[in-house]
Every structure is written in C-alpha cells, then in structure tokens.
Amino acid sequence: MSSNREDSGENPVGIHHPGLTRRGQDRRRALIEATLRIIVREGPAAVTHRSVAAEAGATHGSVAYYFGGRDELLHQALECVADQNVRWLQQGELSDTDPTRDIDNVAARLAAMVDQQLIRDRAMGYSVLELHLAAGRDPKLRPLIRAWGKAYVASATPVLEAIGSTDYVRDTRMLAALINGMVLEQLASPRPRFRPDVLEPALRQALTAIASAATAGQLRAP
C-alpha cells in the first residue's frame, strides 16, 4: 500500500478490508492506540485527526484514509477497548476456576481481577469509563455496552449460581455497578490499600447480600 494512496483522503479502510496489508493493519492499530492514549490523557473531546496524527507520528491524510471522520475514529478506538475487556472477562480467573460457595474466596479473586485490569492498568480503567460516558452521548456505541453486559453475565453466572443467586442478570448488574463506581472513585482519588481495605470488603458484602437473599427466598418458598 503506497503512502500516496494513504495520504489521498480516499474512503477509509475497514478492519476487515481485503486490501489492507499487514503493514496497513499495523499502521491502523498504531492510530487506534494513539487515540486511546489521548482519551486517557485528555478525554474524547481532544481526539481530532490532527491530534491523533501528532500522537502517532503519522500524517493527517493517513488518519483520514484509515478512519474517515472523527466519529469513526473514536468509535473504533472505544470498540477496541470493549473487545479487549470482553476477552478479559471470557478468559478471566472466575471463568476458568471451579465456582465455590466460599464468599471470602470469591471476593478475593474478583477484587484481584478488578485491581489488575482496571486499577493497575489505569489506561484500561479510564478507557472503560470513557466508553460508558461516550455511549450515553452516542447511540451507535450502545450495542458495545450491551455486548459487554452479556459478557459480564456469562462470566459471573457460575460463581453467582454457586452462592445461590436465582437472578444472574440482576445480580451481575449490581456487581458491575458497584465495581464501576469504586473504580471511578479510586482513579479520581487514589487510596492506599484500596484492594484489601476497600474493594474486597465491599465485594464480600455484596456477595453475602446476594447469598442471603437467595437463602431467604428458599425459606419462603412453599
């Protein structure tokens, strides 16, 4: 793929375009990574063809070639974040470990996953939160959020089933809301020993409430 064509401002090339060479895929990926760095550092409003080109060390025409308008560039970058997070959920420790009724153990493992993926990897944490905010403004991003929610449910179902949950969707949404809120607070105002002193106890309390509600429901059943 020649640089003249890349800088010509022709229609953007999609992810699976048959004419996209390995070199082209690498360049496109570099532009997406540059976009995500800008989102993390300055927010989505700072994403422009010019800012992404400067961040990636590319030309303005190259950005326009691969992505066309700014909205497509932003959408593709945030879609990349969603895909990465869904894969993390599908491959995560809770998915490939036998579920247990030991709530302390479940809370500890879940806290470790969240801490590693969304707190220590601050770029991922910021990007996940920005995706949710962007979906509130752009309906085209909402299918990503729905797919994300389904992945959360699929990942959490074995553990929730083990502790007695009878409504996996409801309980997963509750846990996801708790986690997102606590991640947001920690990224905005970091506290020492967040995982053992704050996150893990909160998850333990939520899981205990789920188990207690399930037990109460069983006792009320005829």
Residue hits (segment 4-55; small (Gly, Ala, Ser), in contact with a Gly (Cβ under 9 Å, 6 or more places away or on another chain) and modelled with pLDDT under 90) are Ser8, Gly9
Looking only at residues that are free of Cβ contacts under 8 Å to residues at least 24 places away in the same chain and of a type outside the set (D, E, K, R) in segment 183-195, which one is farthest from Ala151 (Cα to Cα)? Pro192
All but one of (1) in contact with a Lys or Arg (Cβ under 7 Å, 6 or more places away or on another chain); (2) closer than 23 Å to Ile32 by Cβ hold for Tyr126; which doesn't? (1)
Reported set for segment 130-150 where residues are buried (at least 19 other Cβ atoms within 10 Å of the Cβ) and out of contact with any Asp or Glu (no Cβ under 7 Å at 6 or more places or on another chain) is Glu130, Leu131, Ala134, Ala135, Leu141, Trp148
Residues of segment 17-50 that turn out to be within 16 Å of Leu133 (Cβ to Cβ) and acidic (Asp, Glu), as a count: 1
Going by what's in this entry, would Gly164 be described as out of contact with any Asp or Glu (no Cβ under 9 Å at 6 or more places or on another chain), on the phi > 0 side of the Ramachandran plot and in the same structural domain as Ile103 (by TED's automatic domain parsing)? yes
Number of the exception - Gln84 against (1) in the same structural domain as Lys140 (by TED's automatic domain parsing); (2) modelled with pLDDT of 85 or more: (2)
Being surrounded by fewer than 16 Cβ atoms within 10 Å (Cβ to Cβ) and either of a type in the set (Asp, Glu) or more than 21 Å from Gln91 (Cβ to Cβ) (or both) narrows it down to one residue among Ala154, Ala177; which is it? Ala177
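The values are calculated or read from the model by the stated rules, or taken from the named source; none is laboratory data. As the structure is a computational prediction, the values presented were derived from the model and not from experiment. Neighbour counts run over all protein chains shown; Cβ positions are idealised from the backbone, glycine included.
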